[in-house]
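Report on the following structure.
The values are calculated or read from the model by the stated rules, or taken from the named source; none is laboratory data. Computed from a prediction, not measured in an experiment: that's the story for all the values here. Because the Cβ atoms are built from the backbone with ideal geometry, glycine has one as well, and the counts that use them run over all protein chains shown.
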Amino acid sequence: MTEPILSVRDLTVSFGTRLGRARVVNGLSYDVEPGETLAIVGESGSGKSVSSLALLQLLPTPPARVEGEARFHGDDLLAMEDDEIRSVRGNRIAMIFQDPMTSLNPVRTVGYQLIEPLKMHMGLDAASARNRAIDLLDLVGIPSAAERVDDYPHQFSGGMRQRVMIAMGIACNPDLLIADEATTALDVTTQAQILDEIGRLQSELGLSVIWITHDLGVVAGIADRVVVLYGGAIMEEAAVDPLYEERRHPYTRALLASLPVPGADRPNRLRAIPGLPPDPTRMPPGCPFAPRCAHAQESCSQQAPELREAGEAHLVACHFDPEELYA
Amino acid sequence: MTGYVLRRIGQMVLALLGVSIIVFALIHLVPGDPVRTALGTRFDQEVYEALRARAGLDQPIVVQYFTWLGNAVTGDLGVSFRSGVPVTTLLLQRLPATITLAFAALFVALVVAIPLGIVSAIRSGSRLDYAATATSQVAVSVPDFWAGIMYILLFSLVLSWLPPSGYVSFFEDPLEWARHLALPALTVGLISGSIIFRFVRSSVLEALNQDYTRTARAKGLTERQVIWRHVMPNAWIPIVTVVGLQLGFLLSGVIVVEVIFAWPGLGRLALLSVQDRDFTVLQGAVLLIAFMFLLINLVVDIVYGWLDPRVRYD
């Protein structure tokens, strides 16, 4: 067993609001192994983006308060001083964001934006940084990279811009890439290309990826392991195949059931999960999913279930076994 | 970029032509006969007719317009009815004072507004931000004539540091030039500065909250680099617009302040020419002011194209 490159323990993120403290991430713990792709899945407001921004200290504090530990190669990211965390950002851990249309600076050329981390972290001079920027654009599949390096973001399509973001992400050969809804804003064919691209780069460069998404279709295609997040806490964690097959947690089950199935009876409506995610300023005392759970019992709304082992490397936060629930 | 600039210059010429028609039409539609005003109550009808003919006022209005326009292009804006001095000479006498005051006021405004606006945005919600925002609110609300009088009372009458009014050319005496300039520049500059401050603060704040700023931080740049390389280049774009508008406003004559400080600028000249129905002077002054306004707009647009690559390729 190798050492995980990232080990998150009891990560808690809360925000001070007028209605009291909003607890957006509640005691999140997970590991990322070298070279693996971990998918963090959840609906809007489940705390998936916030938890990843917190890792790199990218949340403004205050209003945010971040507690817990995130050991990256043994060093706690959350305890790092400003200059320490800056030497990790974009260098050893890179992040790609959701919207490629707004994530690049409109008044700087893509070359300028690519060269910045190269100069900053690798100490390259202007000429070699520029050459590396062109190589990177080439690597992520941008045609005639040498000419396009001096273009501005608005001269690229959405998919091409996301490729630029990826190039920026891998510029300094990071160990870990965090992709936050990186393909959500793209059309399906572009999405597939980007996913392929990241998969290829991952096998070439051996980097680990945290893939944050609400798209279970994408997860099935690329992830090794999946963490299902709800109300800022893990509901279920397993390797991708057992998770999809066993669907131990009622939330996982409901999420997968809400996907459209081709060929199913067409007049059937999608099986949406009734209700809304919990208000983070008023988290229910028991299981966060209990108010929306079709199988909830009285104990569910009183006592929060612990995350427990339910099979080989399969964790689930539910009081019940599937056999009891889905008989 | 060259095509963009040429196109903008073409637009400016058209706009200027439009302004000239409006100015000419408005002044000729306003009741009141300049020749009669110049001659007083008792006059000879023949002299009156002769003067009208000399000024071309007996011609059809369209002919008058084209004559005036043709002369204006060559720099001849006619002769003042009141004093008989060429309008161009009058305007050129007044222009240095106006330009001096406008740029001095803008200097005061920018020195106050830009650093304070940036710091307020970066530390939004801090005490400094609240204090600066509240002060700017007060400064915008206080009328310029009242502020001007208060400065005169304080700095001239009580403290006797600065002269209360008047204008001295820089080439005559640079020290006195500065001493006379200080109070009017402060009066107008602080008002302009308050307006500019609010724009600086809000556009920096907006850029700070953009996704690309988060990207820049996620790259590992220092906060200083994030602000100067990524936030400010975007924030300048709206700031340039408001600075251009403010400069246009300052150049078009801050009439009230010119009157309070006995500042011999274009605004006061225009005001006097209205009182005297000296419409050749008024036409010339308005045309000159419009020209300066359009020129500033042109400069703003060129700066825009330089700051924002998306504009250049449209």
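Here's the yes/no breakdown for (1) more than 30 Å from B:Leu183 (Cβ to Cβ); (2) out of contact with any Leu (no Cβ under 9 Å at 6 or more places or on another chain); (3) in a helix (DSSP H, G or I):
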| position | (1), (2), (3) |
| --- | --- |
| B:Val63 | yes, yes, yes |
| B:Thr67 | yes, yes, yes |
| B:Gly70 | yes, yes, yes |
| B:Asp76 | yes, yes, no |
| B:Phe81 | yes, no, no |
| B:Gly84 | yes, yes, no |
| B:Thr89 | no, yes, yes |
| B:Phe107 | no, yes, yes |
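Given A:Ser87, A:Ser103, which one is in contact (Cβ under 8 Å) with a residue 60 or more places away in the chain and either at the interface with chain B (Cβ under 9 Å from one of its Cβ atoms) or of a type outside the set (A, V, I, L, M, F, W, C) (or both)?
Step by step, each of A:Ser87, A:Ser103 is checked, and only A:Ser103 is in contact (Cβ under 8 Å) with a residue 60 or more places away in the chain and either at the interface with chain B (Cβ under 9 Å from one of its Cβ atoms) or of a type outside the set (A, V, I, L, M, F, W, C) (or both).
Taking into account only those residues within segment A:90-100 that are surrounded by 24 or more Cβ atoms within 10 Å (Cβ to Cβ) and facing chain B (nearest Cβ under 7 Å), which is farthest from A:Leu207 (Cα to Cα)?
A:Phe97
Output the number of residues of segment B:201-217 satisfying the condition of being over 18 Å from A:Val107 (Cα atoms) and crowded, with 24+ Cβ neighbours inside 10 Å.
Result for segment B:201-217: 1.
Filter segment B:226-244 down to the residues that are free of Cβ contacts under 8 Å to residues at least 12 places away in the same chain and at the interface with chain A (Cβ under 8 Å from one of its Cβ atoms) and list them by number.
none
Condition (residue is away from chain A (no Cβ under 14 Å), in contact (Cβ under 8 Å) with a residue 40 or more places away in the chain and not hydroxyl-bearing (Ser, Thr, Tyr)) applied to segment B:207-221: is it met by at least one residue?
Taking every residue of segment B:207-221 in turn, none turns out to be away from chain A (no Cβ under 14 Å), in contact (Cβ under 8 Å) with a residue 40 or more places away in the chain and not hydroxyl-bearing (Ser, Thr, Tyr).
Given the conditions (1) under 28 Å from the mean Cα position of the chain (by Cα); (2) in a helix (DSSP H, G or I), report the number of the one that A:Glu147 does not fulfil.
Going through the list (1) under 28 Å from the mean Cα position of the chain (by Cα); (2) in a helix (DSSP H, G or I), A:Glu147 breaks only (1).
Is it the case that some residue within segment A:123-138 is within 14 Å of another protein chain (Cβ to nearest Cβ), at positive phi, exposed (fewer than 14 other Cβ atoms within 10 Å of the Cβ) and free of Cβ contacts under 8 Å to residues at least 12 places away in the same chain?
So far as segment A:123-138 goes, yes, one or more of its residues are within 14 Å of another protein chain (Cβ to nearest Cβ), at positive phi, exposed (fewer than 14 other Cβ atoms within 10 Å of the Cβ) and free of Cβ contacts under 8 Å to residues at least 12 places away in the same chain.
Please go through segment B:111-144 and give me each residue that is under 20 Å from the mean Cα position of the chain (by Cα), in a helix (DSSP H, G or I) and exposed (fewer than 14 other Cβ atoms within 10 Å of the Cβ), ordered by number.
B:Val111, B:Ser141
For segment A:54-76, how many residues are surrounded by 21 or more Cβ atoms within 10 Å (Cβ to Cβ), in contact with a Lys or Arg (Cβ under 9 Å, 6 or more places away or on another chain) and within 13 Å of chain B (Cβ to nearest Cβ)?
2
Checking the condition out of contact with any Ser or Thr (no Cβ under 8 Å at 6 or more places or on another chain), surrounded by fewer than 21 Cβ atoms within 10 Å (Cβ to Cβ) and outside any loop (DSSP other than H, G, I, E, B), which residue from A:Ser29, A:Ser51 passes?
A:Ser29
Which is among the charged types (D, E, K, R), at negative phi, surrounded by 21 or more Cβ atoms within 10 Å (Cβ to Cβ) and not assigned by TED's automatic domain parsing to the domain that holds A:Ser49, of A:Arg248, A:Arg200, A:Arg161?
Every option except A:Arg161 fails the conditions.
One line per residue, one yes/no per condition, for (1) under 16 Å from B:Ile27 (Cβ atoms); (2) touching a residue at least 12 places away in the same chain (Cβ under 8 Å); (3) surrounded by 12 or more Cβ atoms within 10 Å (Cβ to Cβ):
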site	(1), (2), (3)
B:Gln45	no, no, no
B:Tyr65	yes, yes, yes
B:Leu69	yes, yes, yes
B:Gly75	no, yes, no
B:Phe81	yes, yes, yes
B:Val85	no, no, yes
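Looking at A:Ile198, A:Ile194, which one is in contact with a Ser or Thr (Cβ under 6 Å, 6 or more places away or on another chain) and either farther than 22 Å from A:Tyr30 by Cα or without any contact (Cβ under 8 Å) to a residue 40 or more places away in the chain (or both)?
The conditions single out A:Ile194.
Checking A:Gly141 against (1) at pLDDT below 85; (2) within 14 Å of chain B (Cβ to nearest Cβ); (3) assigned to a loop (DSSP other than H, G, I, E, B): exactly one of these is not met. Which one?
Failed condition: (2).
Which residue, of B:Leu250, B:Leu295, B:Leu245, B:Leu272, is out of contact with any strand residue (DSSP E or B) (no Cβ under 6 Å at 6 or more places or on another chain), crowded, with 21+ Cβ neighbours inside 10 Å and part of a helix (DSSP H, G or I)?
B:Leu250 is the lone residue from the list that is out of contact with any strand residue (DSSP E or B) (no Cβ under 6 Å at 6 or more places or on another chain), crowded, with 21+ Cβ neighbours inside 10 Å and part of a helix (DSSP H, G or I).
In segment B:160-206, which residue that is more than 14 Å from chain A (Cβ to nearest Cβ) and among the polar types (S, T, N, Q) is farthest from the chain's Cα centre (by Cα)?
The extreme case among them is B:Ser160.
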